[in-house]
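Reading through the structure tokens given below for one structure.
The values are calculated or read from the model by the stated rules, or taken from the named source; none is laboratory data. Note that the coordinates shown come from a computational prediction; the quantities given were computed from them, not determined experimentally. Because the Cβ atoms are built from the backbone with ideal geometry, glycine has one as well, and the counts that use them run over all protein chains shown. What goes into the accessible areas is simple: the full protein's heavy atoms, side chains included, and nothing from ligands, DNA or RNA. Shrake-Rupley method; radii C 1.70, N 1.55, O 1.52, S 1.80 Å.
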Amino acid sequence: MSMNTFGRVFRFTTWGESHGPALGAVVDGCPPGLLLDESVIQPFLDARRPGTSKFTTQRNEPDQVRILSGVFEGKTTGTPISLMIENTDQRSKDYGEIAKAYRPGHADYAYDAKYGHRDYRGGGRSSARETAARVAAGAVARLVIPEVRVRAWVEQIGDAAIDYARFDEAEIANNPFFCPDAVAAKEWERIVDEARKAGSSIGAVVTCEATGVPAGWGAPIYAKLDADLASAMMGINAVKGVEIGDGFAAATNNGEGNADPMRPGADGKPQFLANHAGGIAGGISTGQPVRCRVAFKPTSSILTPVESINSAGEATDVRTKGRHDPCVGIRGVPVVEAMMALVLADHKMLHRAQVG
């Protein structure tokens, strides 16, 4: 069985490889009558697009999306929406040296062990290039949840984190790091540039917050909102950790400190005095902002030689040529936002299906 589909009611399937002719997504279960054309999707792809600064891969892809089905006269029809993004700037020859050797930290060996055959050109499906299709699908998902605002930012690169006392949402769009702290962004220029010049890479932490999510989305046990969010985020290439709310920090707290106290609110709904749970309790949204943190590992394709083996089991050193992100987590911000939107759209429709 091939696992390329995510979601229950609002579902999407991605297809394509890093160095194939194109990649894309098929979105199924989208309600009819929503206003949709390429201009709705393109800004999100532009935010993720490679080659926009020296701090990202220099692969120059326009990432222009085409809607092939599911839309008529500018509105969704309720049928599958097929989205396609052409690959126009592949350099498959850059990967000739790793056709038989495995990049440590990458999926090369695992893919070979599973399938007995792998697409070594950029890693095929294991490439972060696949996430462009998720961003396109996520743009459609946002139309299903107009009451929700999804925003994400880079919170940390390496061991250098932002200072939340300097948090300025307007700054996120003013620098190439999606950073809400102008002081931290200047420091990250040096850190990422040093990693790039050294032929190495560095990791990052992305934080995502969805406001406007009403209480009641999600379900107990096997359709928990936080479990689906964790699955969605862990499914992003290069992600190695996810926290909901306080996450691991909750283990260092006590019961009263970790509680989210409530008082009567003016509208008859509770007024929460804290949000340690990240807007989810018992797998169901509480009406508070839904918040998660996502850890991206350093890019595995680096110019620094690393000890490895080849497909014959012989020792070798691997050095990956080509154009790669020195910090893949930077362009992970639009991807994390997309996965948050996709999960919330699915849970909104699940909630409506069960309780009206």
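When all protein chains stay in place, what accessible area (Å², nearest 10, 1.4 Å probe) is found for T5?
70 Å²
Give the long-range amide H neighbours of R103: residues separated by 5 or more places, or on another chain, with amide H under 5 Å away, using H modelled in the peptide plane at 1.01 Å from N.
D108, Y109
Sum -39500 (n - 2.57) across every DSSP H segment of at least 4 residues in the chain, then divide by the residue count to get the 222 nm mean residue ellipticity, nearest 500.
On the way: 7 runs with 87 residues, N = 356.
Taking each H run of at least 4 residues, the total per residue is -7500 deg cm²/dmol.
Relative to the compact globular guide of 2.2 N^0.38 Å, what is the alpha carbon radius of gyration of the chain, as a ratio? If you can, show how the numbers build up before the last one.
On the way: Rg = 20.9 Å, N = 356, 2.2 N^0.38 = 20.5 Å.
That works out to 1.02 for the chain.
Work out the count of Lys pairs in the chain where the Cα-Cα distance is under 16 Å, with the pair 8 or more places apart or on different chains.
Working: K54/K186; K54/K197; K93/K321; K100/K114; K100/K321; K197/K321; K224/K348; K240/K297.
Step by step, the pairs that qualify in the chain add up to 8.
In nm, to one decimal, how far is the modelled label at D159 from the one at Y109, with both set 7 Å along Cα→Cβ?
The two pseudo-label positions are separated by 2.8 nm.
In degrees from 0 to 90, rounded to the nearest 10, what is the angle of the helix 225-234 Cα long axis to the longest principal axis of the chain?
Taking the Cα atoms of the chain, the angle to 225-234 is about 10 degrees.
Evaluate the distance, in nm, between pseudo-label points positioned 7 Å from the Cα of R263 and of R352 along their respective Cα→Cβ axes.
So the two model labels end up 3.6 nm from each other.
Out of A312, A132, A274, any idea which swings most in a Gaussian network model of the chain, alpha carbons joined below 10 Å?
Answer for the Gaussian network model of the chain: A312.
If you wrap segment 236-349's Cα atoms in a convex hull and average its projection over all directions, what's the area in nm²?
Numbers: hull surface 47.1 nm².
Answer in nm², one decimal: 11.8.
Which angle from 0 to 90°, rounded to the nearest 10, does the C-alpha axis of helix 182-197 make with the longest principal axis of the chain?
With rounding to tens, the tilt is 20 degrees.
Over segment 129-210, give the accessible area per residue in Å² for a 1.4 Å probe, as an integer. Show your work: numbers first, answer last.
On the way: 3090 Å² over 82 residues.
Each residue of segment 129-210 exposes 38 Å² on average to a 1.4 Å probe.
Ignoring ligands, DNA and RNA, what percent of the 1.4 Å accessible area of the chain is carbon and sulfur? Show your work: numbers first, answer last.
Working: 8780 of 16440 Å².
Whole-percent figure for carbon plus sulfur exposure: 53.
So what are the ³J(HN,Hα) numbers for segment 13-29, from phi and the Karplus equation (6.51, -1.76, 1.60; θ = phi - 60°), rounded to whole Hz, Gly and Pro as x?
After applying 6.51 cos²θ - 1.76 cosθ + 1.60, I find 10, 9, 8, x, 10, 4, 10, x, x, 6, 9, x, 9, 10, 9, 10, x Hz.
Can you give the local net charge around P289? Use residues other than it whose beta-carbon is closer than 11 angstrom to its beta-carbon, Lys and Arg +1, Asp and Glu -1.
On the way: positive: R149, R151, R291; negative: E209.
That works out to +2.
For Y115, Y102, write out the residues from largest to smallest accessible area, computed with a 1.4 angstrom probe and no ligands counted.
Values: Y115 145, Y102 20 Å².
Descending order: Y115, Y102.
Please determine, in degrees from 0 to 90 and to the nearest 10, the orientation of helix 332-355 with respect to the longest principal axis defined by the Cα atoms of the chain, where the helix direction is its Cα long axis.
So the helix axis and the longest Cα principal axis differ by about 40 degrees.
Which order do F6, F55, F72 take when ranked by solvent-accessible area (1.4 Å probe, heavy atoms of all protein chains), largest first?
Values: F6 55, F55 15, F72 135 Å².
Per-residue accessible area, sorted high to low, gives F72, F6, F55.
To the nearest 10 Å², what's E73's accessible area with a 1.4 Å probe?
150 Å²
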